[in-house]
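Asks: I have a structure I would like to understand better, so I am pasting it below and will then ask my questions one at a time.
The values are calculated or read from the model by the stated rules, or taken from the named source; none is laboratory data. A quick note: this is a predicted structure, and the numbers were derived from the prediction, not measured. Methodologically, a virtual Cβ is constructed for each residue, glycine included, from the backbone with ideal geometry; neighbour enumeration extends over all protein chains shown.
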Amino acid sequence: MREAAAAVADHARAVGADVLALQEVQWLQARRIARTLLARTRRWSFKHWPVRTWPEGMAVIGLTRPVRARGRALTYRWRLWSWRRRILVGGVVDGGPLLIVLHLSTDTAASGDRRRLEVAAALRQVVARGGGEVIVAGDLNERPGGPVSQTLAAAALRDAWLVSGGDPDGGFTNWRGWEPGTTRPPSQRIDYVWISAGIAVVDVSLPSPGDPGFATFARLSDHLPLTVVLDIPAQG
């Protein structure tokens, strides 16, 4: 736990992060990361309890910019021990854009329609909160062009990786069949940041095989950290 939290904190410093959105993280891990980085705000939201270890959830940590956020269940609301339970964390970044963090279902039995409903629930919250710029980030558990991406595009949001000029056939963030310490490169792009029209993309980056420290990421998680630099207009 300490090694993972230290690695996340080190990477956040290296990329100069303003806000962190973390998934499948324990409360103690989120607290340790936030304290190490002297964060201004920290919000951890419960996802599910695997029973054999501490509960997992999602965390939104405001480092240089405070974030007001709260979580709510999208699916399996009362099945607190089910890994299929999915949540949404929504908040506002320092009076600016609305931030929505998602971790959608990996259940292969779930239809495209079910996934659209999950995303529609997130977008309804955007509408309810009332206008402004929007950032949707997270593990959508689908390849580019899937039903969730189609739904977000229909809502006039844009895939930051593609906006930045990233290779449509690249940007892999996840190892299928991951084993800690793998020497294989990741093979799936399932982590995304989607943005509304008024937000400009300055840069999008991912650690690459051969980079210093890459082995640490391959050892600690089946996902690589996705860093997106945005130019957000002042609001209000």
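Asks: Just name the residue that is farthest from residue 65 (Cα to Cα) out of those in the stretch 76-97 that are aliphatic (A, V, I, L, M) and surrounded by 21 or more Cβ atoms within 10 Å (Cβ to Cβ).
Replies: 87
Asks: In this structure, does residue 29 turn out to be of a type in the set (S, T, N, Q), surrounded by 15 or more Cβ atoms within 10 Å (Cβ to Cβ) and either closer than 17 Å to residue 228 by Cβ or in contact (Cβ under 8 Å) with a residue 60 or more places away in the chain (or both)?
Replies: In short, no.
Asks: Can you find even one residue in the stretch 176-190 that is crowded, with 19+ Cβ neighbours inside 10 Å and within 23 Å of residue 69 (Cα to Cα)?
Replies: no
Asks: Can you find a residue that is touching a helix residue (DSSP H, G or I) at 6+ places or on another chain (Cβ under 9 Å), in a strand (DSSP E or B) and among the charged types (D, E, K, R) anywhere in the stretch 9-26?
Replies: no
Asks: Out of the residues in the stretch 148-175 that are surrounded by fewer than 18 Cβ atoms within 10 Å (Cβ to Cβ) and in contact with a helix residue (DSSP H, G or I) (Cβ under 7 Å, 6 or more places away or on another chain), state the one that is modelled with the lowest pLDDT.
Replies: 155
Asks: Restricting attention to the stretch 195-206, does a residue exist that is within 23 Å of residue 15 (Cβ to Cβ), among the hydroxyl-bearing types (Ser, Thr, Tyr) and touching a helix residue (DSSP H, G or I) at 6+ places or on another chain (Cβ under 7 Å)?
Replies: Within the stretch 195-206, not a single residue is within 23 Å of residue 15 (Cβ to Cβ), among the hydroxyl-bearing types (Ser, Thr, Tyr) and touching a helix residue (DSSP H, G or I) at 6+ places or on another chain (Cβ under 7 Å).
Matching residues to (1) modelled with pLDDT of 95 or more; (2) more than 19 Å from residue 4 (Cβ to Cβ):
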| residue | (1), (2) |
| --- | --- |
| 33 | yes, no |
| 37 | yes, no |
| 53 | no, no |
| 58 | yes, no |
| 65 | no, yes |
| 68 | no, yes |
| 72 | no, yes |
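Asks: Yes or no: residue 91 more than 18 Å from the chain's Cα centre (by Cα), modelled with pLDDT under 90 and not aliphatic (A, V, I, L, M)?
Replies: no
Asks: From 65, 79, 84, grab the single residue that is free of Cβ contacts under 8 Å to residues at least 60 places away in the same chain, part of a loop (DSSP other than H, G, I, E, B) and under 13 Å from residue 19 (Cβ atoms).
Replies: The conditions single out 65.
Asks: Does residue 39 fit the bill of being surrounded by 14 or more Cβ atoms within 10 Å (Cβ to Cβ), in a loop (DSSP other than H, G, I, E, B) and in contact with a Leu (Cβ under 6 Å, 6 or more places away or on another chain)?
Replies: Yes: the conditions hold for residue 39.
Asks: Taking residue 20 as the residue in question, decide whether it is more than 17 Å from residue 122 (Cβ to Cβ), touching an Asp or Glu at 6+ places or on another chain (Cβ under 6 Å) and surrounded by 18 or more Cβ atoms within 10 Å (Cβ to Cβ).
Replies: Considered against the rule, which asks whether it is more than 17 Å from residue 122 (Cβ to Cβ), touching an Asp or Glu at 6+ places or on another chain (Cβ under 6 Å) and surrounded by 18 or more Cβ atoms within 10 Å (Cβ to Cβ), residue 20 comes out as no.
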